1. Please determine, by comparing only the residues of the range 44-71 that are open to solvent by less than 70 Å² (accessible area, probe 1.4 Å) and out of contact with any helix residue (DSSP H, G or I) (no Cβ under 6 Å at 6 or more places or on another chain), which one is nearest to PRO102 (Cα to Cα).
2. In the range 259-279, what count of residues is obtained for those that are assigned to a loop (DSSP other than H, G, I, E, B) and either hydroxyl-bearing (Ser, Thr, Tyr) or open to solvent by 30 Å² or more (accessible area, probe 1.4 Å) (or both)?
3. If you scan the range 573-588, which residues turn out to be surrounded by 13 or more Cβ atoms within 10 Å (Cβ to Cβ) and touching a Ser or Thr at 6+ places or on another chain (Cβ under 9 Å)?
4. Quick check on my filter: what residues within the range 469-493 are part of a helix (DSSP H, G or I) and over 18 Å from ILE580 (Cα atoms)?
5. Only one residue in GLY103, GLY25, GLY74 is among the small types (Gly, Ala, Ser), loosely packed, with under 14 Cβ neighbours inside 10 Å and not in a strand (DSSP E or B). Which one?
6. Of the conditions (1) within 20 Å of the chain's Cα centre (by Cα); (2) modelled with pLDDT of 90 or more; (3) small (Gly, Ala, Ser), ALA515 clears all except one; give me its number.
7. For THR285, all conditions in the list (1) over 29 Å from the mean Cα position of the chain (by Cα); (2) open to solvent by 40 Å² or more (accessible area, probe 1.4 Å) hold save one; what is the number of the exception?
8. Which number in (1) under 22 Å from GLU556 (Cβ atoms); (2) acidic (Asp, Glu); (3) surrounded by fewer than 19 Cβ atoms within 10 Å (Cβ to Cβ) marks the one condition that GLU640 misses?
Amino acid sequence: MSADADRPPLDPPAAPVVGCATCGGAGNVTEACGCTDGGDRLLVGWRDEVGRAYRDCRLCGGAGRVVRDCMDCGRTGRWRAQLVLTVADLDTGAVASANVVPGSVEPTLADRGGWCLDLTALVREQRAIIETTGAAEPPGGDPLRERNRPWEAATLVVPLHRRWYPGLPAQQRREMEAEAIVRYVHRPWWLWLTRSAAPPAEEPDARLARLCEVADLLRLDLVVEARRHRRGRPTWHVRYEVPGGEVPAHIPAHWPDLATAVAATTVADALFGLGERGAAAPAYTMVPGDGTQAVRPVVDLARLGGLVLADIGQAPGAQAVWRDRRWWHLRLAEDGDTVVLAERDTGQVARQSITLLRRVVEPTAPTWQGVPVPWSPCPDCVPGGRLVSCYCRIDGGAAEPGCRVCGGAGFAPVTGGCPYCRGSRRRYAALTVTVTDLVDRAEHQLWLPGDGPEVSPGYRLDGPYRLADQASRLGVRPEHLTDADGGRTLDVALRDGLVLAGGPDPERRFVSSAAAGRPGARLIVVARRPDVPPLADLVRLAYGLSLTLRVGVCDERPAGMALRWSVSLVRCGAARERPIQPTVEAAIDFCLRYLDHAVRDAVPTDPGVPIHVPQALATARLPDPLPGILALAAHHAGAEASVEFGRDGCRIDLLLPEGWRLIARAASFGDALRGLGLVN
């Protein structure tokens, strides 16, 4: 190959453009308003008056029809008949793409009859291409999570019109293929990330054994559940729960079999939603233990799945619960109905009836369970209603006359529920805190507050209440401490043991606030560095994809605060994101987590402009830009700086009171820093 082989090719010729079938080329659509679903009623949930508009509708004003922008074509009235399939290797910088337009892929027979464009083989071809281009250096770094390795199960099939067959005239075949391709208008550019240094995917049996191991480590239940539905086979879900919690009314995943459910569930996935599922779980202390890793259990996935299916019978569902290093097999039964009310955009209130489930029998309490944690009803909640104490009574005093929130009543509805108990209606007197690396270490602590003197605002507690001091024992910085449920960075006050409001009994108030809304009065803190590649690899990825990597930073440490970061892959000219992440690793993780959104936003809005088809050979890792960015942030402490890395060079902007100002532009980041006098 030539020396220029790693440069991006010229943009492909314009892809065929067809008129938008949704809006007929008008760019907007007129459709029935959502208020006609339930008729002229405030409370909807039945369909005996379908077709009648709600006279006080906020959207249509009672007309029953609304005009809105066509989202399918982005108000252009046209669709681009093009799909781009890209596979990129973060360890080598290699990028390979396939351009799918009418006539570029030979149609094949579909499994269920008819013809289709099977693009799965194209994805695998691109993967093979980046594997054979060769790495310029041995790949390094930790492998990304499996969510960035989807090609192993990637199937992308574009069904063609049922009238398509090979004997049709070429022009007619191409038109039908174009119509099939534009059905993917919401995702015209597909991007899969791989890492050549990543280990092979974990087998489902080993994955489930690992989930059981972490359940023992954290002292949680691992629940494998199958639910029967009115139509089709049972669906599966794998999750962690606090012992004693209720069976959730809804499960977020609907996997067709146990092997697929386990393969799609990481430890973080199983922990997500733990607080919501355990809102009503009883709270207990823990019997002291060493918190070390036990021997990994041996799991027979096929046998376990068969036993759960056998338990279902005619029941609505069944569970296998891993507790105390053994499986408990439980059948689910209906437990009555409940009604859920939700406000609609029309101003109506939707009413939905949900069937609740319960376990026929409960497993024996875990051996590590101690005594119940005392709690008292939340004094700031109105029993039986959604009102909570207004912010004007934050000190517990009388309501403020003429308060703009409560009007002097002292109670008002608050979005998200009561901020003092987070909707649990309980004030716990103690909290069990688990600090873990989710691998082989977990330290369980009981925060049992005592009496204390009156303190001033901003008082910092001593001892175990300073979670930040425990981060170094697990080899991470305090900014890397996250909530196991959702991965959110811990609040600074909780992390540093700060009591923000002055008054007596600071420990009691701190623990009560920290325990608010925690499932079973438990807080699980993850102490581990985000599993992300270095920033230099993202710069190289941006070059390979012909995008711009934008790094935002603000150094507020001189003011007693901290560094704030943002990292994003964008097209040139996109709006800047404010730096809000506490570490650069967290910002990189956020960038990769929402990479699909960035790729979608990078697609040209004009259908007449083709989507770029990026190609790049493996290249050497670039110099680490992080030290230079830190020097830049320190030099402009207190101000937001934005550094952009693109194929056209590097630019640095600074946010001043009058707006963003360009302060440096050069062929490389090093040249830009030298121009600013920050490096020699």
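1. Among those residues, the one meeting the criterion is CYS70.
2. 5
3. Hits for the range 573-588 are ALA574, ARG576, GLU577, PRO579, ILE580, GLN581, PRO582, THR583, ALA586, ALA587.
4. Within the range 469-493, ASP469, GLN470, ALA471, SER472, ARG473, LEU474 meet the criteria.
5. Exactly one of GLY103, GLY25, GLY74 is among the small types (Gly, Ala, Ser), loosely packed, with under 14 Cβ neighbours inside 10 Å and not in a strand (DSSP E or B), namely GLY103.
6. Result: ALA515 fails condition (1) only.
7. That leaves (2) as the condition not met.
8. (3)
The values are calculated or read from the model by the stated rules, or taken from the named source; none is laboratory data. Quick caveat, the model's predicted, so the values are computed rather than measured. Cβ coordinates were reconstructed from backbone atoms using ideal geometry, including for glycine residues, and neighbour counts include every protein chain displayed. With ligands, DNA and RNA removed, areas are computed over all heavy atoms of the protein, side chains included. Shrake-Rupley method; radii C 1.70, N 1.55, O 1.52, S 1.80 Å.
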